[in-house]
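A quick write-up on the structure given underneath.
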Amino acid sequence: MAYQYVASELTKQLLERGYNVKGTVRSLKSREKIQHLINLGDALPGRLTLHEADLLSEGSFTGIVQGADFVFHTASPFFIRGIEDPQTELVDPAVKGTRNVLKAAIKSKHTIVLMNGDCFAAIVKVKKGPSNASLYTEEDWNDESSLTNSPYMYSKTEAEKAAWALAKEAGLDLVVINPSLVLGPVLTNRADSTSIQLMKASGVSHLKAQVHVGESKEFVEKVASTMLARQVDVRDVARAHVLAAEVPAAQGRYILSHDSTVSTKFLSDILSEHFPQYSFPAGEDTPSQRLVDNSKVQAEKAAWALAKEAGLDLVAINPSLVLGPVRSSQGDSTSIKMMKDFVEDTDTTGMAAFGRQVDVRDIGRAHVLAAEVPGAQGRYILSHEYSASTKDISDVLSERFPQYKFPAGEDTPSQKTVDTSKARKELGLQLRPLRETYIDMVTTLIQQGIVNLVAK
């Protein structure tokens, strides 16, 4: 339904791009639910018309999708507590609604369907884990849930399976976007979206196993300190739907999620910084874990697809953590912030998490060589092959700047994790020592007035 959380943002972005949008709602009489859509339609370039439809009523969408180039199906129940009859409240609306929308699209012909799935409902396997024993990918399917075991996840899995079965049978062009917990700006004053309720009144305990539902508790109103740890912005989810419609090469499933978990302490720290007038719960400082491979939706893959389609000569430089001299007093780069936090001993976790590093000057040189060397082609990994510990960094800086105090760092074993021989052989690029990188970066951070080091 167009007035729901993701659908509202999707409608906004489609209208901004000048599309004519037919939005479905349960009732045109419910002005409080649709007024924000009417306002969007009045303010933005595209044309919006609203139509009544019932997900559980077969044929309800047939006339609406007739003549449409794309059909976006984002409506599905997202309830994770207070469920008494999972079949009636979750599975039937999810599966029957999906079938009804796709059947209407099949009848209209020449239509591409973009469906909003659920990354951790239809993909995650709590007991078995990822199929590749490492990270969840689009190849994973949840085959563990049932009506009695995580019924919400079961409903989303069954709905997506039904969609793929119908699409295969009818030869329908289907793309499924699988987001994790969707957060971000709210376009209406209604607070009945589960994502909104989770921020206001968190209904989920920190999911170590990723799916166990806890008691309903407040987050921003200070009764709980836990939320779903895998998250994505609603604007990115909507944009992914638009891109899936516009990019000819888009196909299959796409995981949409930050690949690593976020702690509630991280969330609380951000809110406390930006809203110092309010009091927020301290949150729980749980370790961040990388759980998903979201590379399919990243820019490089889209670039390769477009390059192939257009016959474009494309070269991609793939660096690890980029460090080195700073040319500006602006300290808003993530790399700069991570080094600043480390040398000021306010947060050493960032540098500890990125043991694979490369100098910014080598990145610049690699781009120039990729343009100048006739044989340059494909992808080039730019990184020192062996990981560096934070103790390595601290030792170098302590020797070079004996007047300052640096954190001791952690002496983690160095490991070879990447092979960068392609860049050496084809581009003739030799990476400068990281010792030089660390010293030059901190020297320029001091010169630019970005860091405040503690004197011994």
Say we look at the stretch 250-267 and pick out the residues that are among the charged types (D, E, K, R) and touching a residue at least 60 places away in the same chain (Cβ under 8 Å); which of these is farthest from residue 240 (Cα to Cα)?
259
Cross-chain or 6+ apart pairs with Cβ under 6 Å, the stretch 406-424 first and hydrophobic (A, V, I, L, M, F, W, C), then assigned to a loop (DSSP other than H, G, I, E, B)
418/383; 418/385; 423/429
Pairs, please: C-beta under 6 Å, at least 6 apart or cross-chain, first residue in a helix (DSSP H, G or I) and in the stretch 427-442, second acidic (Asp, Glu)?
437/359
Looking at the stretch 10-25, I want the residues that are assigned by TED's automatic domain parsing to the domain that holds residue 179 and have a partner that is basic (Lys, Arg) and not in a helix (DSSP H, G or I) with Cβ atoms under 7 Å, at least 6 apart or on another chain. Which pairs are those?
20/47
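Can you report the number of residues in the stretch 8-26 which are of a type in the set (Gly, Ala, Ser) and surrounded by fewer than 23 Cβ atoms within 10 Å (Cβ to Cβ)? Don't jump to the end; show me each part of the working.
If we filter the stretch 8-26 for residues that are of a type in the set (Gly, Ala, Ser), which is where we start, we get 8, 18, 23.
After this cut, where a residue has to be surrounded by fewer than 23 Cβ atoms within 10 Å (Cβ to Cβ) as well, the list is 18.
Of the residues in that region, 1 qualify.
If a residue counts only when it is among the β-branched types (Val, Ile, Thr), under 27 Å from residue 240 (Cβ atoms) and at pLDDT below 85, which strands (runs of 3 or more DSSP E) contained entirely in the stretch 299-399 have at least 2 such residues?
Numbers: elements: 315-319, 321-323, 357-359, 378-382.
Answer list for the stretch 299-399: none.
Across the stretch 377-397, what is the number of residues that are more than 31 Å from the chain's Cα centre (by Cα) and either surrounded by fewer than 17 Cβ atoms within 10 Å (Cβ to Cβ) or of a type in the set (Phe, Trp, Tyr) (or both)?
Going through the stretch 377-397, the residues more than 31 Å from the chain's Cα centre (by Cα) turn out to be 391-392, 394-397.
This time we only want the ones that are either surrounded by fewer than 17 Cβ atoms within 10 Å (Cβ to Cβ) or of a type in the set (Phe, Trp, Tyr) (or both), so: 391.
Qualifying residue count, the stretch 377-397: 1.
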Hey, could you check the stretch 350-405 for residues that are without any contact (Cβ under 8 Å) to a residue 24 or more places away in the chain and of a type in the set (Asp, Glu) and say which is nearest to residue 447 (Cα to Cα)?
399
Just to verify a result, which residue in the stretch 398-430, among those that are surrounded by fewer than 16 Cβ atoms within 10 Å (Cβ to Cβ) and among the small types (Gly, Ala, Ser), is nearest to residue 345 (Cα to Cα)?
408
Within the stretch 1-76, helices (runs of 4 or more DSSP H) holding 3 or more residues that are over 28 Å from the mean Cα position of the chain (by Cα) and modelled with pLDDT of 90 or more
31-43, 62-65
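The values are calculated or read from the model by the stated rules, or taken from the named source; none is laboratory data. Since we're looking at a predicted model, the values are computed, not measured. Ideal geometry is used to build each Cβ from the backbone, glycine not excepted, and the neighbour counts take in all protein chains shown.
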